[in-house]
Amino acid sequence: MIRRMATQEHPIPQFPAGFLWGVSTSAHQIEGAAELREPSVWDAFTDVPGRVKDGSTAAVACDHYHRYREDVALLADLGVGAYRFSISWPRVNSPGGLDFYDRLVDELCAAGVRPVPTLFHWDLPVGLDWLERDTAARFAEYVSVVAERLGDRVHKWITLNEPAEHTLLGHALGTHAPGRQLLFDALPVAHHQLLAHGLAVRALRAAGVTDLGIANSHGPTWPASTEPADVEAAEFYDVLLNRLFADPVLLGEYPAGLGELMPGDVEADLKVIGEPVDWYGINYYAPTKVGAPQGAEIEFGGITMPAELPFSVREIEGVPVTDFGWPVVPEALTELLTTFHERYGDRLPPVVITENGCSYEGVDDQNRITYLDGHIRALHRAVEAGVDVRGYFVWSLLDNFEWAEGYARRFGLVQVDYETLERTPKASYGWYRDVLRAQG
């Protein structure tokens, strides 16, 4: 109550007219109805005992497939201008799969909520492989099918979600699907996803789309000390997790030394990857403190970092953490955005924060309110500093299947009882609704 009163006394500053407020979800994490679609690599991954910490699967998840009308009603009551969801490629490959997204888009439009679909959010159909170049071409074909079906009502599109995490966690470290542990031999996965993005941009342009972007994850990298070894390790980490996925899209080139490690005709591929986007999506959660390798495995944020990596992730001391153990540093969002603004200059299109959120238990989730309040204010400071930010999406509308964590982490503004599937809006839902009403 103390925090809520403080927020009312000091309202969040007004954002520019036309600023887009929304929430995000992804198909595999909420839809359920797994029997009505082809399997994805995540279904194969969760079938292996020990892969998911609580042994769960997303076969039912939040049952959004059958309860989408109830969830759209929650969106309408929340007052968001847009809903970022993802389209399941395995579902589209199944008979009648696109019909579900037809119904969902119609329901959103009738409720006055702009649909913003992401075309790939990690649920690759079984039988496809990002190590293979052909997967990028297959993705473009799928994108064309979806755009032809939904393009009369959907105008804002996202190609890929977080190719960095899908490469690192799924193919380098093996903690996410498909569970490979290739370390730096996973670099072709990064290149083929970026190529898929570029081919998807071309497919969407051919379908008449004029409002599209990508959702890349980024965060400031802080060296553990001023020692040269720590600074060098932090610079390498920053290139790997930030510039490797931003430079090709925004500049049409890889950071120095990485292009020659990629497969195929990289120069030709970069012309595709660098196709102009209308806005650049950033998923932000936390900064990372990085130092020189310590010669041992490190457990950090639920992820085991192998000793052979040329860096080590360190704890950021003196700041709160979420239930996931992630540091809460709102001012790092301002730092990130102003850094991008300085680094890319006029090559950086308008920015949309496509994800920002936190894991906390409980319906009276005051910690989540504090987190979101701080980050929205930090975002406004970036706008005041001259960064062209056009939108902000909270992750997530609903508690959901949190990948390898199963159902142990709750990111939602709405609580989901996984036994009854009952939805209960949390305190943060009401707080965000009040913020949106005050923004006008």
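The values are calculated or read from the model by the stated rules, or taken from the named source; none is laboratory data. This structure is a prediction, so every number in the text was calculated from the model and none was measured. All Cβ positions, glycine included, derive from the backbone under ideal geometry; neighbour counts span all protein chains shown. Remember, those area values only see protein heavy atoms, side chains included, never the ligands or the DNA or RNA. Shrake-Rupley method; radii C 1.70, N 1.55, O 1.52, S 1.80 Å.
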Exercise. What net charge is computed for the residues neighbouring Leu436, neighbours being all others with C-beta under 14 Å from the C-beta of Leu436, Lys and Arg scored +1, Asp and Glu -1?
Worked result: 0
For this session: Using a 10 angstrom cutoff on alpha carbons, build the Gaussian network for the chain and name the most mobile of Ile282, Ile303, Ile30.
Result: Ile303
For this session: Work out, in µm²/s and without decimals, the Stokes-Einstein translational diffusion coefficient of region 214-286 at 10 °C, 1.306 mPa s, Rh from Kirkwood over C-alpha pairs.
Result: 117 µm²/s
Exercise. When the Cα atoms of region 319-417 are enclosed in a convex hull and the volume is divided per residue, what value in Å³ results?
Worked result: 108 Å³
Problem set entry | From the coordinates shown, P(r) over Cα pairs in 20 Å bins from 0, in percent corresponds to which of (i) 25, 54, 21, 0; (ii) 26, 63, 11; (iii) 22, 40, 26, 12, 0 | (ii)
Problem set entry | For the chain, share of DSSP beta bridges that run antiparallel, in % to the nearest 5 | 25 percent
Problem set entry | the chain - percent of accessible surface contributed by carbon and sulfur, probe 1.4 Å | 51 percent
Exercise. Hey, if you drop one equal point scatterer on each alpha-carbon of region 23-156 and run the Debye formula without solvent, what base-10 log of I(q)/I(0) do you get at q = 0.16, 0.20 Å⁻¹?
Worked result: -0.83, -1.22
For this session: At 10 °C and 1.306 mPa s, grab the translational diffusion coefficient of region 121-250 from Stokes-Einstein with a Kirkwood Rh over Cα pairs, rounded to a whole number in µm² per second.
Result: 100 µm²/s
Exercise. If the cut-off is 26 Å between C-alpha atoms, which lysines fall inside it for Lys271, apart from same-chain ones fewer than 8 positions away?
Worked result: Lys156
Problem set entry | Cα-centre dipole for region 73-158 with unit charges at Cβ (Lys and Arg positive, Asp and Glu negative), debye to 20 | 220 debye
Problem set entry | Set of lysines with alpha-carbon distance to Lys289 below 27 Å, sequence-local pairs under 8 removed | Lys53
For this session: Compare Gly55, Gly22, Gly357 in a GNM of the chain, Cα atoms joined below 10 Å, and give the one with the largest fluctuation.
Result: Gly55
Exercise. Across 5 Å bins from 0, what is the distribution of all Cα-Cα pair distances for region 52-116, in whole percents?
Worked result: 4, 15, 24, 23, 16, 11, 6, 1
Problem set entry | Volume per residue of the C-alpha convex hull in region 216-374, rounded to whole Å³ | 141 Å³
Problem set entry | Solvent-accessible area per residue for the chain (1.4 angstrom probe, square angstrom) | 38 Å²
Exercise. Please state the relative contact order of region 335-427 as a whole percent: Cα pairs under 8 Å, 6+ residues apart?
Worked result: 32 percent
Seminar exercise, completed: Once the mean of 1/r over all distinct C-alpha pairs in region 236-278 is inverted, the Kirkwood radius in Å reads 10.5 Å
Exercise. Using the Cα atoms of region 2-83 to build a convex hull, what is its mean projected area in square nanometres?
Worked result: 8.8 nm²
